[in-house]
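Written out below as structure tokens is the structure these notes cover.
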Amino acid sequence: MSWLPVVALVSGLIAGFVPGQLVERRKERHILRTRWDASLSIDFVSACQRYQRLVGRLGSAVDGDAHRVTIETEREAMGALLVQLRLVGNVRVQRAARMMIRHAWAVLRVAEGHEDPRAAEFGGAPPGERMREAEQEFIRACRVQLRVAEAEDLAADEPSQWPVAEAPGRPWLPAGWR
């Protein structure tokens, strides 16, 4: 009996199986990483937005001490998420997240009635505005890291800032959606 056909069959199976497994493993790692990055990024932005809303209600809180504890808890959550982002985010993501934390501190200081300690550093822009701009940069950085098509392009939040389409009475509607 000749071993040549058996060796050829086994070699063919290995030659087809190994590359297929390597490609599948790579796909699975990419999918898991993308899910992890996206989920973590969403959690971080959500925590920052909750923090801003809490700070915005600081003056009207019924129980000021309890409200400050809630704000501090949210600030700590933001810090913990920042550490996680440092593990999986590229440098641009890490810096944008750090700027959001930095502006969050200034937002609280101003809400407490203090002078903005970094006003001169940022051309007098209010901390809330700076934090929103940092959030936009963070989102762009995450979109780039997640390899989203046209990652740098974000729609403006306000419909008044969107390009005017020709649809009468519906200027927010993109031209292709009419």
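The values are calculated or read from the model by the stated rules, or taken from the named source; none is laboratory data. Since the model is a prediction, treat every value here as computed from it, not as a measurement. Positions of Cβ are generated from backbone atoms using ideal geometry, with glycine treated the same way; all protein chains shown enter the neighbour counts. Heavy atoms of the whole protein, side chains included, go into the accessibility calculation; ligands, DNA and RNA do not. Shrake-Rupley method; radii C 1.70, N 1.55, O 1.52, S 1.80 Å.
Data table
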quantity	calculated
Computed label-point distance, nm, for sites residue 49 and residue 7 using a 7 Å Cα→Cβ extension	6.5
Protein accessible area in segment 9-146, 1.4 Å probe - carbon and sulfur %	58
Kirkwood hydrodynamic radius over Cα pairs of segment 9-146, then Stokes diffusion coefficient at 37 °C and 0.692 mPa s, in µm²/s	192
Sparse-neighbour loop sites [GluC sites (Glu not before Pro); segment 29-125; at most 16 other C-beta within 10 Å; DSSP]	112, 115
Residue-normalised accessible area of segment 9-146, given per residue in Å² at a 1.4 Å probe	61
Label zone at residue 109, where the point sits 7 Å out along the Cα-to-Cβ direction: segment 123-139 residues whose backbone N lies under 18 Å	123-134
Spin-label pair residue 119/residue 58, simplified geometry with 7 Å Cα→Cβ offset, distance in nm	1.5
